[in-house]
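The values are calculated or read from the model by the stated rules, or taken from the named source; none is laboratory data. Predicted model, so just to flag it, every value in this text is computed and none were measured. Cβ atoms come from the backbone with ideal geometry, glycine included; neighbour counts cover every protein chain shown. Ligands, DNA and RNA are excluded from the accessible area calculation, which covers all protein heavy atoms including side chains. Shrake-Rupley method; radii C 1.70, N 1.55, O 1.52, S 1.80 Å.
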Amino acid sequence: MKITLNAKKMQISDSFTEYAEQRLSAKLDKFFGDEAESKVMLTEQKGSIVLELTVRYNQMIYRSE
């Protein structure tokens, strides 16, 4: 699975990037194949952090916030 991490209005560390990639791979590889693409967007809104996850697989888009 190809994983892309982005952040708006904040900085993400390399350790968080590695941790997130490991956790996402462990959880999502059960459901999606190697050709799946996932995008993670972190944003800070009103003092809290919002994570949006979008997975594209077999012409379908799965989205979570």
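Points to keep in mind about this one:
- Applying the condition of being hydrophobic (A, V, I, L, M, F, W, C) and not in a helix (DSSP H, G or I) to the range 7-27 and asking which residue is surrounded by the fewest Cβ atoms within 10 Å (Cβ to Cβ) yields MET10.
- Breaking point among (1) open to solvent by less than 50 Å² (accessible area, probe 1.4 Å); (2) assigned to a strand (DSSP E or B), for ARG63: (1)
- Matching residues in the range 28-60 - criterion: being open to solvent by less than 50 Å² (accessible area, probe 1.4 Å), assigned to a loop (DSSP other than H, G, I, E, B) and either within 15 Å of LEU5 (Cα to Cα) or polar (S, T, N, Q) (or both): ALA36
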